[in-house]
Every structure is written in structure tokens, then in C-alpha cells.
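Report on the following structure.
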Amino acid sequence: QVQLVESGGGLVQPGGSLRLSCIASRNRASINAMGWYRQAPGKQREMVALVTTSGLTNYEDFVKGRFTVSRNNAKNEVYLQMNSLKPEDTAVYYCTAVIGPRYYWGQGTQVAVSS
């Protein structure tokens, strides 16, 4: 079992930036990857970005060049730097930790992009 706690969401204007953080309660040695998904109203949850323990990253096309995922293994933390935000980035953002075949989820943090 692992608990994940996100922080850093909020309201931002189009073109602005936010940085999300997530801390995991479990020893990093058992976590294969960490990252972020999001879910907009009326839509399915979708992957945003993932980073493995070794630092390999994977991004969905709609955030490439704008978002950066990073990880501090010593602190069991993962971050999402979001730049050039668009209204369509509005969603609840969920931190995830992958352990073996299982995905664990945080409670989510709301990101709203609006003028």
C-alpha cells in the first residue's frame, strides 16, 4: 500500500504556469514509476506524463514542450511543471505510483485555466 498526497493546483490565466508536487509514503525502491494523469469534466482519465526510477520519461502529445515531469527519488516525490497553460488543461490532476502491475492514486488536485 502507498499513500500519495498532491499539492500545487489552483487557478491560473491562459499562458501561465503551475507546479504540482506529490509525495509518496512508500519506500522508493518498490515504486517502478511515478507521474500524473488528469480528468476533465465529462471525460475519461488520461495520462499526462510518467517518469521511471531511472529517469526515463513519457509524455502525451498534448503536453510535449509545455510540461515537464521530474522526480526526487530520495524524497519519494514527483513534480509536474506546467507552462503555457491552456483552458483545455483544466482538469483534476492525479498523482500515480506504479508498483508492479498496480497503479496507486492520490486524491487529486484541481487545475483551472481561465481568464
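The values are calculated or read from the model by the stated rules, or taken from the named source; none is laboratory data. Source: prediction; values computed, not measured. Methodologically, a virtual Cβ is constructed for each residue, glycine included, from the backbone with ideal geometry; neighbour enumeration extends over all protein chains shown. Protein only, heavy atoms only, side chains kept; ligands, DNA and RNA dropped before computing areas. Shrake-Rupley method; radii C 1.70, N 1.55, O 1.52, S 1.80 Å.
Solvent-accessible area of the chain (1.4 angstrom probe, protein heavy atoms only): carbon and sulfur portion equals 47 percent. If the chain linking Q81 and A112 were pulled fully straight, counting 0.36 nm for each residue of separation and taking away their Cα-Cα distance, it would gain 9.7 nm.
Once the 1.4 Å probe is applied to the protein heavy atoms, the chain comes out at 52 Å² accessible per residue. Under the criterion of Cα pairs below 8 Å and six or more residues apart, the relative contact order for the chain equals 37 percent.
By the rule of a C-alpha distance below 24 Å, with chain neighbours fewer than 8 residues away ignored, the lysines paired with K86 are K43, K64. Test of understanding: in a Gaussian network model of the chain with alpha carbons linked when under 10 Å, which of K75, K43, K64 would top the mean-square fluctuation ranking? The residue that fluctuates most here is K43. With the biggest extent put first, the Cα atoms of segment 17-68 measure 35, 24, 20 Å across the principal axes. Distances over 16 Å make up what percent of all Cα-Cα pairs in the chain? The share of Cα pairs beyond 16 Å in the chain comes to 55 percent. Please report the net charge: other residues with Cβ closer than 14 Å to the Cβ of S21, K and R +1, D and E -1. Summing Lys/Arg as +1 and Asp/Glu as -1 gives +1.
Ranking I31, I23 from most to least accessible surface, computed with a 1.4 Å probe over the protein chains only, gives I23, I31. If you take every DSSP beta bridge fully contained in the chain, what fraction is antiparallel? Give it as a percent rounded to 5. Here the antiparallel bridges make up roughly 95 percent for the chain.
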